[in-house]
Each structure stands twice: as structure tokens, then as C-alpha cells.
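Trainee: Pasting a structure here, questions to come.
The values are calculated or read from the model by the stated rules, or taken from the named source; none is laboratory data. Keep in mind that what you see is a predicted model, and the values were worked out from it rather than measured. Cβ placement follows ideal geometry from the backbone for every residue including glycine, while neighbour counts extend to all protein chains displayed.
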Amino acid sequence: MNSKQLRPPNIAASRAKESRGAALILALLLTALGAAVAAQLIQPLAGWLAREYRARDLNAAYTLADAAATWSLTVLAGDARTSTIDHKGELWAIALPRTQIEGGSIQGQITDLQSKFNLNHIAPNGLRNDVALAVARNIFTRAGVPANLADRLADALDADELAIAGGSESLAYGARMPNRKIEHLGELVSLGGFTKAHIDQLAPWVDALPDAGGININTASADLLRAALPGISDAQWAKMLAIREVKPFANVAEASLALGSAIPDTVFSVNTQFFEMNALISFDLVNHSIAIRAMRKPGLPVQIYHRNLRNA
């Protein structure tokens, strides 16, 4: 037999090599499968963690919202014990600066809702206040809204069925008027005649508060005062506003004296019953804004009558 004749294959070595190859392939397969499974698991895990963090931040936001509400009620109650008038130099008017907390921040501001004209003051307790109606007509005109819509609103607010223009309200407007106070400006559209554009034009100067309350002459803007009381010279307004900057008015008569013209005390005041606190609460995954409306009546605890917490 030729010495170069091929030797029989080493079956054992071949099988060992195949086993090593199969093991390597299996290892690679398991690694690939492991990576795929891990990817499938990591995604839900990441989502779960995000939800957990969001839930944590949401719970913290609610806690801080309660704290902000307590802060505003405490400030307003303390102010009521030390002052009979309200003005922008008081503690409640100082903004709560952005304050860092664990994982986020909070900031807030209390504002005087009676720095605007309260539309419900046109007909307190269902009885039309003609002086307030005249002021409303002035404000509507300055805002670019037809003055006759103030009359429509008066008929919607007062308790009787008689239209200001004469006859019944049903005949004058083609529908029965609600004859009750409104809760928010958006209700104006349901009265007919008003549009969303009208509401946007009025919003800087008017509001709808639960009870009658006059414009606080110490906190109202110069633009609103000029709109409410036209026919007064710029020089008179400048003098009155300059005096207000130095010392807030103790009563409406004092403001009238500073202006050199009568200011109706049935429409204006120097104290406030209705306030709003707005706060922004921020965390890594959640931003919330909170708006709280509070009512402060003499001799009674300050009460929250509206609260709104939403994503900012």
C-alpha cells in the first residue's frame, strides 16, 4: 500500500470541532436572543419608571398645590386682621419668588379680582344698578364692544322680565333671559349678541364674581379707571394716580377729592373680597399650574370657591 495513501479521518477530532462550532453558534444565538428579550423588557421597564416618576411628581404637585392654597389663605387672613383697605403695597401683592424644592420649583402670585369691573355688579341680588350699568357701557365702548350689549347683559342679570328698551325680554331678544348672575365670562356667548372676540376684548377689564363688589380704586389699572369714568382730563388722572402711588386711598371720597371729580361709591371701593392665587409647580417630568379663587368676607374665614389644577 502506498505510504501516501490517505489515512482514515480522525472522527473524534472532527466531532469535537463540530461540537465547539455548535456551542459557539448556540452561544451567539443565546446572546442574540438575550439581547432581543432584554430590549423587549427594557422598553416596558423604562415606561414603567417614567410612569412611576410622573406619578411621584404628580403627587408632589398636588401636595404643593395644597400648600400654595394654604399659603394664600394664610396671607389673606392675616391681611384682613391688620388692614381695612387693600392696595398693591400689602403683603398679599408680593409675588412668591421661584423657590427650589427637591426635584423642582414653585412660584406664585395673589391678585385682586376686584381690580377689574365685576359684571354681576350690574344687578346685585337681581336688582339693576343703573350707575354700574352706565360704567359697564363706558367700559364696553372703550373695549370696542357695542354698548347695547351691556343692556342685554343687564336684562340677563336682573330678576324681572322687562327689557331696558321696553316691553318683555322675550320679545326684545327672541328668547327668555336667564335672569341670574353669570359664573364666568364664557357665559356671555349664550346670551346672544356676544362673540368670542367680544369676550377677548373685555377680558382685560372685566370679570364675573360670585357676589356684587365694586372696583377697587387702589388696585385698578389706570386704563380701566379712564375707561370707566370718561370725560375726566389726563391732568386730573395723573394727579390722582400720583397721589395713589404715595398713599392708597382710605375711602372713595378721598379718591374723589384727589381726582377733583365725583367717583360713584356704589361702583367703586377701597377694599376687596375676591382674590385669585396663581402658582406654577415644576418637576422633571410634570409642570402644573394652579389657579385658586378665594372669597374673603368681613368676620368670616377666607374660603376657596374655585380651584383648577392642570398641566402647564
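Trainee: Might you check whether a residue that is at pLDDT 95 or above, in a helix (DSSP H, G or I) and under 28 Å from ALA68 (Cβ atoms) occurs anywhere in the stretch 120-139?
Mentor: yes
Trainee: Moving to a separate point now. Hey, could you check the stretch 42-95 for residues that are at pLDDT 75 or above and acidic (Asp, Glu) and say which is surrounded by the most Cβ atoms within 10 Å (Cβ to Cβ)?
Mentor: ASP86
Trainee: Can you name every residue in the stretch 184-222 that is closer than 30 Å to ASN251 by Cα and touching a Pro at 6+ places or on another chain (Cβ under 8 Å)?
Mentor: Answer for the stretch 184-222, where residues must be closer than 30 Å to ASN251 by Cα and touching a Pro at 6+ places or on another chain (Cβ under 8 Å): ASP211, ALA212, ASN218.
Trainee: May I ask you to list the residues in the stretch 200-216 that are within 19 Å of LEU133 (Cβ to Cβ), at pLDDT 95 or above and among the hydrophobic types (A, V, I, L, M, F, W, C)?
Mentor: Correct list: LEU202, TRP205, VAL206, ALA208, LEU209, ILE215.
Trainee: Further question on the same structure: ILE106: part of a strand (DSSP E or B) and either touching a helix residue (DSSP H, G or I) at 6+ places or on another chain (Cβ under 6 Å) or under 30 Å from ASN59 (Cα atoms) (or both), yes or no?
Mentor: So ILE106 passes the test.
Trainee: Consider the stretch 288-303. How many of its residues are more than 14 Å from the chain's Cα centre (by Cα) and either surrounded by 13 or more Cβ atoms within 10 Å (Cβ to Cβ) or basic (Lys, Arg) (or both)?
Mentor: Residues that pass the stated criteria total 4.
Trainee: Can you name the number of the only condition in (1) closer than 22 Å to ASP200 by Cβ; (2) of a type outside the set (Phe, Trp, Tyr); (3) crowded, with 21+ Cβ neighbours inside 10 Å that ASN148 fails?
Mentor: Failed condition: (3).
Trainee: Looking at (1) in contact with a helix residue (DSSP H, G or I) (Cβ under 8 Å, 6 or more places away or on another chain); (2) under 15 Å from VAL135 (Cβ atoms); (3) touching a residue at least 24 places away in the same chain (Cβ under 8 Å), which is the one condition that is false for LEU225?
Mentor: (3)
Trainee: Give me the pairs: first residue in the stretch 232-248 and closer than 13 Å to THR219 by Cα, second residue modelled with pLDDT of 95 or more and not hydrophobic (A, V, I, L, M, F, W, C), beta-carbon distance under 6 Å, and six or more apart or on different chains, which are they?
Mentor: PRO248/HIS87; PRO248/ASN218
Trainee: Still on this model: Within the stretch 165-190, how many residues turn out to be under 30 Å from ALA222 (Cβ atoms) and either surrounded by 15 or more Cβ atoms within 10 Å (Cβ to Cβ) or basic (Lys, Arg) (or both)?
Mentor: Of the residues in that region, 5 qualify.
Trainee: Of all the residues that make up the stretch 227-242, how many are crowded, with 16+ Cβ neighbours inside 10 Å and either under 24 Å from ARG293 (Cα atoms) or of a type outside the set (A, V, I, L, M) (or both)?
Mentor: Total meeting the criteria: 1.
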